[in-house]
Amino acid sequence: MFSKVFALLALVGGAAAFSPRVMPKTRAAPVAAMKPMDMAKTAAVAAVLAAPMMAGATEGTNEIFGVNYDAIYLFSIPTITIGHGLGLLFKDWEESQDNSDFFDELPNTPN
């Protein structure tokens, strides 16, 4: 008996899912555009959330980024090392630059 009632409810629910919707005769309120600051926040949150998801996308290979290739370390470790070395070189160069403002040397404009 229970299975017949369940089958009837499933049949009615399935039929209701395919019936046409009755749309009310109302006007939609205008949608305000997102502010640039909201877009920046959204992009920052998306980047923070997407990075671990991409790194965890192993797809059954148990390898980083789903790559089942043992020689990936031959490429990733030197790339990270070179990038880190370039960052240190840039930091040393940046510290050696004088931090005076270029526009301080220009004469004042008359009011």
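The values are calculated or read from the model by the stated rules, or taken from the named source; none is laboratory data. What you see is a predicted model, and the numbers here were worked out from it, not measured in a lab. With ligands, DNA and RNA removed, areas are computed over all heavy atoms of the protein, side chains included. Shrake-Rupley method; radii C 1.70, N 1.55, O 1.52, S 1.80 Å.
Scanning the range 67-84 for residues that are at pLDDT below 80, in a helix (DSSP H, G or I) and open to solvent by less than 100 Å² (accessible area, probe 1.4 Å) returns a single hit, Ile72.
Each residue in the range 1-26 was checked for being open to solvent by less than 100 Å² (accessible area, probe 1.4 Å) and either in a loop (DSSP other than H, G, I, E, B) or not polar (S, T, N, Q) (or both), and 11 pass. Might you check whether a residue that is at pLDDT below 70, within 28 Å of the chain's Cα centre (by Cα) and aromatic (Phe, Trp, Tyr) occurs anywhere in the range 55-66? Within the range 55-66, one or more residues are at pLDDT below 70, within 28 Å of the chain's Cα centre (by Cα) and aromatic (Phe, Trp, Tyr). Note on the range 34-54: residues that are modelled with pLDDT of 65 or more and of a type in the set (Lys, Arg) total 1.
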